[in-house]
């Protein structure tokens, strides 16, 4: 009884109209809606399949021509391949006093107060070698080793090369031979 009152207030009919073959109008509408929905799903599936096929063809084309593919930064950006360890970081101490001599790429450790474990301290300053430079770069060249901060680098997922994109303005310092000559020449 409550359903009938609700339908009457909403302006909907509670009577069932029979079609010639014994199905109601509501069943016919539901069947039509299901058919429209399924048609939409089929259209989207076709689009996704075409997109997937296009991506697969593009990927196969790139893999077949991998030796001809280049990656170049634009503007004043540089592509840097980060060193696993800072090659310029050395700690040399006197052996007579019992201290450690030449730890090489020593990475400081600390005790994590959250879990009590000894963890390796993450370095804020990163070091890498420049692989490519953008056309507007003035100071950096391919082959230079550079120091830069971790937040200034953007990872570039290019064939798992561990490349990072850094703006030349964000480079802290450059390491290479004859830099004074190059910088004096570029500065004038």
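The values are calculated or read from the model by the stated rules, or taken from the named source; none is laboratory data. In this text the structure is predicted, and so the values were computed from the model without any measurement. All Cβ positions, glycine included, derive from the backbone under ideal geometry; neighbour counts span all protein chains shown.
Laid out as a table, the results:
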read-out	value
Residues located in segment 138-160, provided they are in contact (Cβ under 8 Å) with a residue 24 or more places away in the chain, over 22 Å from residue 88 (Cβ atoms) and touching a strand residue (DSSP E or B) at 6+ places or on another chain (Cβ under 7 Å)	156
Residue among 158, 58 that alone is at pLDDT 75 or above, over 26 Å from residue 177 (Cα atoms) and assigned to a loop (DSSP other than H, G, I, E, B)	158
Segment 161-188: number of residues that are in contact (Cβ under 8 Å) with a residue 24 or more places away in the chain and under 14 Å from residue 75 (Cα atoms)	5
